[in-house]
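Worksheet: one structure, shown below.
The values are calculated or read from the model by the stated rules, or taken from the named source; none is laboratory data. Keep in mind the model is a prediction, meaning the values are calculated, not measured. Cβ coordinates were reconstructed from backbone atoms using ideal geometry, including for glycine residues, and neighbour counts include every protein chain displayed. Keep in mind that these areas ignore ligands, DNA and RNA; they rest on the heavy atoms of the full protein, side chains included. Shrake-Rupley method; radii C 1.70, N 1.55, O 1.52, S 1.80 Å.
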Amino acid sequence: MVDYLIVGSGLAGISFAENALLNNKSIIVIDNNSQNSSRIAGGLYNPVILKRFSEVWRAKEQLELMKSFYAIIESKLGQQFDFKKPILRKFFSIEEQNNWFTASDKPSLSPFLSLTLVTDTFKGIDSPFDYGQVLHTGYVDTAALLKSYKLYLIHLDVLREETFNYAELSNKVDYVQYKDIQAKNVIFAEGFGMHANPYFKHLPLDGTKGELFIIKAPELDLDVIVNTSVFILPLGEGLFKVGATYNWKDKTNLPTEEGKVELLERINEIVTCDFEIVEHFAGVRPTVKDRRPLVGTHPEHKNLHLLNGLGTRGVMLGPSMAKVLFESIEQGIPLDDEINISRIKPKHYLL
């Protein structure tokens with residue numbers, strides 16, 4: 001019997017797997033690679049919602065935990081995934097500058113917003129009104145992280161690459177039987193794939209499609225992340241990741257002409273040099289209307305747990321949400337009401 005059967009190996013799944021392993025728990029991970037939002041994500045971590053100049057929920061706590069979390073994985077796998085890099089907000093007017101300084105006076109934001117304007121000029125971007133710098137920022141190379149961690153799970157002989165069949169899940173009193181596996185607990189970390197899960201599918205997981213580009217722009221001289229209506233993330237060798245769109249209706253992983261046009265319009269508002277699209281990809285983020293994750297235990301099946309709804313900030317939320325769910329299961333520490341699935345009326349998803 002294993003301690004945890006984990007369904008899904010995106011950011012949520014590997015965050016819980018690593019928590020379990022660090023606490024000497026045995027695991028088996030099942031994934032069919034059908035969900036790609038974690039792999040294609042920009043991977044930015046940023047404690048400030050720049051569109052509204054508000055602090056990301058529990059940003060300081062998340063940043064502190066993720067720093068040590070990714071450092072442990074980097075040491076274990078011998079590869080860098082966490083890249084500290086400034087995020088600059090390009091200003092389009094004096095009014096935007098003033099809004100920045102007004103926001104920086106807020107106690108919750110002052111640790112994260114620099115009071116010194118960045119006046120650097122970057123070839124390929126006009127910036128007559130300069131930039132504001134967000135502190136404690138960077139990005140996680142999610143594609144490399146998930147690929148390497150998957151190889152690590154294969155090395156441990158705990159990964160099964162298959163589609164999870166809910167019909168073969170049998171709930172016993174103190175454990176769960178799935179095919180030839182007996183597990184004390186099951187963690188469902190399926191992202192938008194949760195809609196196929198009969199135990200949790202009626203929870204309000206919306207899903208927001210995002211489309212991104214990899215562009216080649218040899219004349220764009222940029223060594224920081226610029227964030228405006230899109231983010232521009234330098235990858236090296238003249239390549240940049242650019243995104244992202246937000247589509248609340250389309251729930252497919254297919255790139256669209258509509259998304260392409262929207263991204264091109266936004267890029268052309270910022271970039272003044274020539275560029276070409278190298279790759280165009282899309283994925284559905286697991287988002288929730290109240291902007292809080294879906295974490296917790298099924299009200300009737302106490303061995304079934306959910307870790308989902310990380311939305312656009314999976315690299316920040318994943319480590320902290322996995323930790324609190326693990327502590328809830330193992331130590332009985334209550335989950336915060338803001339993230340606990342108990343905030344949703346049980347009648348909507350009881351099975």
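Divide the volume of the convex hull around the Cα atoms of the stretch 96-229 by the residue count and you get 221 Å³ per residue. Each 5 Å bin, from zero up to the one with the longest distance, holds this percent of the alpha carbon pairs of the stretch 1-40: 6, 25, 32, 20, 11, 6, 1. Residues in the stretch 32-96 average 49 Å² of solvent-accessible surface per residue, probe 1.4 Å, ligands and nucleic acids excluded. Could you work out the pair-distance distribution P(r) of the stretch 290-331 from its alpha-carbon pairs, with 5 angstrom bin width and percents rounded to whole numbers? Each 5 Å bin holds this share of Cα pairs: 5, 24, 30, 22, 13, 5, 0.
Over the chain, dividing the summed -39,500 (n - 2.57) contributions of all DSSP H runs of at least 4 residues by the number of residues returns a 222 nm mean residue ellipticity of -8500 deg cm²/dmol.
In units of the compact-protein estimate 2.2 N^0.38 Å, the stretch 40-164 shows a Cα radius of gyration of 1.33.
Determine the distance separating the Cα centre of the stretch 18-54 from the Cα centre of the stretch 74-147; give it in Å without decimals. Cα centroid of the stretch 18-54 versus Cα centroid of the stretch 74-147: 21 Å apart. Round to the nearest 10 and give me the degree value, 0 to 90, for the angle of helix 314-331's Cα axis relative to the longest principal axis of the chain. It is inclined by approximately 30 degrees. Ligands, DNA and RNA left out, the 1.4 Å accessible surface of the chain is 50% carbon and sulfur atoms.
If R0 equals 30 Å, the separation of the Cβ atoms of Thr256 and Arg291 corresponds to a calculated FRET efficiency of about 0.75. Put simply, when 224-230, 66-72, 272-278, 167-173 are sorted by average Cβ atoms within 10 angstrom per residue, most first, you get 224-230, 66-72, 272-278, 167-173.
Given their separation in residues at 0.36 nm each and the Cα-Cα distance between them, Arg58 and Glu161 gain 33.6 nm when the chain is fully extended. Any of Lys84/Lys201; Lys25/Lys179; Lys84/Lys106; Lys60/Lys179 with alpha carbons more than 32 Å apart? Name them for me. Violating the 32 Å Cα-Cα cut-off are Lys84/Lys201; Lys60/Lys179.
Between helix 257-270 and the chain there is an angle of about 40 degrees, using the helix long axis and the longest principal axis of the Cα atoms. Calculation over all alpha carbon pairs of the stretch 217-306 in 5 angstrom steps from 0 returns a P(r) of 2, 11, 18, 18, 15, 11, 9, 6, 5, 3, 2, 1 percent. The calculated Kirkwood hydrodynamic radius for the chain is 21.2 Å, given to one decimal from all distinct C-alpha pairs.
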